[in-house]
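Novice: The structure follows.
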Amino acid sequence: MSKFEDMTLAMALRAQDAVGRAQQRLRRFREDESGMEIIAVVIILVIVVLLAVAFRAKIAEFFASLWETITQGGQDVQQQIPG
């Protein structure tokens, strides 16, 4: 074999090895599921925030009504205590 053929063969082997490593990394990347939990939590948080923004008036009305019920209930209890 000539020196040119040796160099060509060496380059071809290195290229083949590099392709094999790239394929292996790609396979590991596709199979790796770490971080999926974080993505799921972020998506859920985004949905919750969007729902809160969309229904903020109803949510505010609900909590105002709840607070009124709580404070009114406290006044009723105070009135029932014999004093």
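Read-outs throughout are calculated quantities, based only on the coordinates presented, and are distinct from any laboratory measurement. Note that the structure is predicted; figures quoted are calculated from it, not measured. Here the Cβ positions follow ideal geometry from the backbone for every residue, glycine too, while neighbour counts run over all protein chains shown.
Novice: In the set (i) 1.04; (ii) 1.68; (iii) 2.86, which value of Cα Rg over 2.2 N^0.38 Å was calculated from the structure you see?
Specialist: (iii)
Novice: If you don't mind, there's one more thing I want to ask. Helix 36-54 against the longest principal axis of the chain: what's the angle in degrees, Cα atoms only, rounded to the nearest 10?
Specialist: 40
Novice: Would you mind calculating the gained length between Lys58 and Arg14 on full extension (0.36 nm times residue separation, minus the Cα-Cα distance), in nm to one decimal? Before the final figure, lay out each step's value.
Specialist: Numbers: separation 44, 0.36 × 44 = 15.84 nm, distance 6.53 nm.
The span from Lys58 to Arg14 would gain 9.3 nm if fully extended.
Novice: Now for a different question. Just to be sure I understand the model, the point goes 7 Å from the Cα along the line to the Cβ. What's the resulting Ile70 to Gln24 distance in nm?
Specialist: 6.0
Novice: For the chain, take the longest principal axis of its alpha carbons; what is the angle in degrees between that and the long axis of helix 56-80, to the nearest 10 within 0 to 90?
Specialist: For helix 56-80, the angle is close to 40 degrees.
Novice: Describe numerically, in nm with one decimal, the distance between label points set 7 Å from Cα along Cα→Cβ at Ile47 and at Ile81.
Specialist: 4.6
Novice: Choose one of Val49, Ser34, Trp67: the residue whose Cα lies farthest towards the positive end of the charge dipole of the chain (beta-carbon charges +1 Lys, Arg; -1 Asp, Glu; about the Cα centre).
Specialist: Of the listed residues, the answer is Ser34.
Novice: Continuing with the same structure: Tell me the angle of helix 3-31 to the major Cα principal axis of the chain, expressed in degrees between 0 and 90 and rounded to the nearest ten.
Specialist: Orientation of helix 3-31: about 20 degrees from the principal axis.
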